[in-house]
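J.: Let me begin by handing over the structure; questions about it come next.
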Amino acid sequence: MTLNQTHPPALNDAEVEKRIKTLLNRMTLPEKIGQMAQWPGHGKLDGDLCDAIRKGQVGSVLNEVDTEILNEYQRIALEESRLGIPLIIGRDVIHGFHTMLPIPLGQAATWSPELLEQGAHMAAREAREVGIHWTFAPMIDITRDPRWGRIAESLGEDPYLTSVLGAAMVKGFQGDDLSADDRLAACAKHFAAYGYSEAGRDYAYVNLNEHELRNIVLRPFKAAAAAGVASFMTGFSDLNGVPASANEFLNRQILRAEWDYKGFVVSDWDSIIQLITHGFSENEKEAAAAAINAGVNMEMTSRSYLHHLEELIEEGRVDEELIDEAVSLILRIKFKLGLFEKAVIEAPQPADVPRPEHLDIAYQTALESVVLLKNDYHVLPLNRHAQRNVAVIGPLADDAYEQLGTWTFDGIEAWTETPLAALRRELPEHVQIHYAKGLSHTRSYDRSGFGEALEAASRSETVIMFMGEEAILSGEAHSRADINLPGAQNELLQELSRLGKTTVLVIMAGRPLTLDLTRHTTNALLYAWHPGTMGGKAIVDLILGEKTPSGKLPVSFPKHVGQIPIYYNQRSSGRPASRDSYVHIDEIPVRAPQTSVGNYSFHMDAGFEPLYPFGFGLSYTQFNFGEVYLEKERFAMGETISIYIDITNVGVREGAEVVQLYVRDRFASITRPVRELKRFKKVLLKPGEWQRLSFELTSADLEYFCKNKRWKAEPGDFDVWIGSDSRAHHHAQFTLTA
Ligand code: GLC
């Protein structure tokens, strides 16, 4: 293989199949098993790894990003192993590579598949040019538990939004030609139900009935498979007693038999040998047998396949056809990536300056990810020319590292602009900026910095506060039982709020936090998640009115951690609460009679609603909706119905609105959610401008996994609501006939 080969033409499918077959016939059993082993890199040339590659015991390497080292591993594979099969190099390119996008939960708040596709493509370009071929993304686990640290990596609580955005990321990573220099093979993970880890505690077991599994959890994975995702990754979870990495129901019945999926399945890190820890497999050999028979084609980091598959085949406990199947699936992606034509690459120029077009994507995504949760007295946007003294307070006002968020392995901190830096650039020279951290970091209880912060605020008319979570407080293995602002941040906010200034609070966090107290300490509240490289400029452009917020929550915000799980698409129960059907705990008379507070489904001290609902987000302008119009009130199976609504910008500023359409199947053989998101459109309107939006629904959109394990739509009456969030009240109804 020579360096600097121009991009060879992509192989067509027939050529790929022919080359797979030819190569497979030449491979020994140990060489086949070698292709199923993924070894970790260590940031330095690893002699043992070089030897294993030379012996044909390595099919893939992950977590090595040094091009020189990768090129040496590839050279050994190509020139010193018997068959010269190139390695596929994997990496967690989760929300950017060098240029960092907001965390995926923040990206989901844009409700923009176009932006997520652009962001994934940008990340693919930056990663491929150092020698990465495969990203372990998108993570499309549905979760309704913000205690779970990996909610940061998810696209939120809703299967439809996650399906649309996850498919967009697959398209952005992969494009139409995997062999292109700016594309990566993607990986749908974690298959499946990892987001339902009990108590939101990472890696905990999952109990989930098949209806919830299929109607909620599997939908995004089916959408990713339909989008052509190159690989799946099994989760760590013990799902109903069968760990995902040994779960034939998931990896064979669903993925292969029902979905006819053609990519390959990789385990998660050591998840195969963890079958022993689960108490599922007695030893490594049994774990290997369970995993390969369940359909796991590649083993990440542990070596049970290398150690035991040959023996298992000799004993007749594993059919060699499973090995041929696995190797064919893996080779197919290697051929499509063009690795046989070009595995050793020219080392890229040092990434000392970011690409302007990548910064633009990071900026636009950060801008549209920020959610305006509160804006009392319309304090936002601030008039920059009316300012004299502005206090900038908080541990996250000027912390380039923390604002990048979790799963930032290769992000370049030096490229990051913080909110303080952006304010210093954007505010007129006459404005005095008084900056004080107040707390050294978000978990600090050391109040010694409060005095300086209160002094800075006292000298100012406007106080802009940046609080939240450090990056370490979310992501893998980082679950929290208390999801209030950590440390003494709430105390600092309470003291600042007593000064009677105009206050703006910006929260950066990797999850929804419980803000029931926090929200009372500020006039305006912006939720920026961890906004990435361009978060500072994006947030400041919103605060100063250069731009108008358009973010919408992809996940419900509980008032109290005790409400979890709380989400919009819940089922009714026989006694659903309503706002007039429950009495708050503080309003219940002493010695109240047993049945006097109403027998409904609520918490006496928190009610039944979240603090901020799914789909919620304010703007600096206002939108009015007309009535919902139906093309017809009845339609039959297989037909389509068109639904219309007019939206007008009745404010004085241009703004974007995410118009959301929800349905309810009123009566069904298996009870259905009280609302389900089925469509959304983001529209940008100038002041006074209006648009007539149309949405098409087919009976297929109403299908679900129902009684007798069948997947179909059932005739009956449906409600439809359209509006600005999951409480949409513009209503119509239609009937689906047989
Ligand atoms: C981790 C994660 C998985 C990641 C893999 C490789 O444990 O669970 O999401 O892609 O290992 O880093």
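J.: Mind running the shape call on the range 476-572? Use the C-alpha gyration tensor, a ≥ b ≥ c as the square roots of the eigenvalues: rounded below 1.5 for a/c, prolate if a/b tops b/c, oblate otherwise.
T.: Because a/c hits 1.5 or more and a/b fails to exceed b/c, the range 476-572 counts as oblate.
J.: Holding the Cα-Cα limit at 25 Å, pick out from Lys189/Lys678; Lys632/Lys686; Lys374/Lys686; Lys18/Lys285 the pairs that are longer than that.
T.: Checking Cα-Cα distances, Lys632/Lys686; Lys18/Lys285 exceed 25 Å.
J.: Further, regarding this structure: Which of the chymotrypsin sites (Phe, Trp or Tyr not before Pro) across the range 440-493 are loop residues per DSSP, with 11 or fewer other Cβ within 10 Å?
T.: Tyr445
J.: Out of the GluC sites (Glu not before Pro) in the range 400-492, which ones are loop residues according to DSSP with at most 15 other C-beta atoms within 10 Å?
T.: Loop-located and lightly packed - Glu429, Glu461.
J.: Which of the peptides 50-58, 203-211, 528-536, 358-366 is most tightly packed, and how do the rest follow, judged by the mean count of other Cβ atoms within 10 Å per residue?
T.: Ranked from most to least packed, the peptides come out as 528-536, 358-366, 50-58, 203-211.
J.: For helix 356-369, what angle does its Cα long axis make with the longest principal axis of the chain, in degrees from 0 to 90 and rounded to 10?
T.: That works out to roughly 50 degrees.
J.: Do any trypsin sites (Lys or Arg not before Pro) in the range 321-416 lie in a DSSP loop with no more than 13 other beta carbon atoms within 10 Å, and if so, which?
T.: Passing sites in the range 321-416 are Arg388.
J.: Then there's this: Please give the peptides 707-714, 550-557 ranked by average Cβ packing (other Cβ atoms within 10 Å per residue), highest first, as a rough proxy for protection.
T.: By packing density, highest mean first, the sequence is 550-557, 707-714.
J.: Right, next: If you fit an axis through the alpha-carbon atoms of helix 320-336 and take the longest principal axis of the Cα set of the chain, what angle between them do you get, 0 to 90°, nearest 10?
T.: Long axis of 320-336 versus the principal axis of the chain: about 60 degrees.
J.: Tell me the angle of helix 67-79 to the major Cα principal axis of the chain, expressed in degrees between 0 and 90 and rounded to the nearest ten.
T.: With rounding to tens, the tilt is 30 degrees.
J.: Can you list the aspartates and glutamates whose alpha carbon sits under 15 Å from that of Lys682, skipping same-chain ones fewer than 8 residues off?
T.: Answer for Lys682, where 15 Å is the Cα cut-off: Glu114, Glu368, Asp646, Glu654, Glu657, Asp725, listed by chain and number.
J.: Ordered by packing density, taken as the mean number of other Cβ atoms within 10 Å over each peptide's residues, highest first, how do 404-410, 493-499 rank?
T.: Final packing ranking: 404-410, 493-499.
J.: While we're looking at this one, here's another question. Quick check: from the Cα gyration tensor, does the range 636-712 come out rounded (a/c under 1.5), prolate or oblate?
T.: Prolate.
J.: Also, I was wondering about something else. Classify the range 391-528 from the C-alpha gyration tensor, please: rounded if a/c falls under 1.5, else prolate or oblate depending on whether a/b exceeds b/c.
T.: Oblate is the answer for the range 391-528, as a/c is 1.5 or above yet b/c matches or exceeds a/b.
J.: Between beta-carbons, use under 12 Å as the cut-off and find the net charge around Met233, counting Lys and Arg +1, Asp and Glu -1. If you can, show how the numbers build up before the last one.
T.: Working: positive: Lys189; negative: Asp92, Asp141, Asp268, Glu299.
My count for the surroundings of Met233 gives -3.
J.: Amide H of Gly235: which non-local residues (sequence gap of 5 or more, or other chain) have their own amide H closer than 5 Å, using H built in the peptide plane?
T.: Phe191, Ala192
J.: Treating the Cα atoms of the chain as identical point scatterers in vacuum, please give the log10 of the normalised Debye intensity I(q)/I(0) at q = 0.11 Å⁻¹, two decimals.
T.: For the chain, the Cα-only Debye profile gives -1.21.
J.: Identify all lysines with a Cα-Cα distance to Lys437 below 22 Å; exclude those on the same chain that are fewer than 8 residues away in sequence.
T.: By straight Cα distance, Lys437 reaches Lys501, Lys537.
Every number here is computed from the coordinates shown, using simple stated rules; none is lab data. All of these numbers come straight from a predicted model, not from anything done at the bench. Cβ atoms come from the backbone with ideal geometry, glycine included; neighbour counts cover every protein chain shown.
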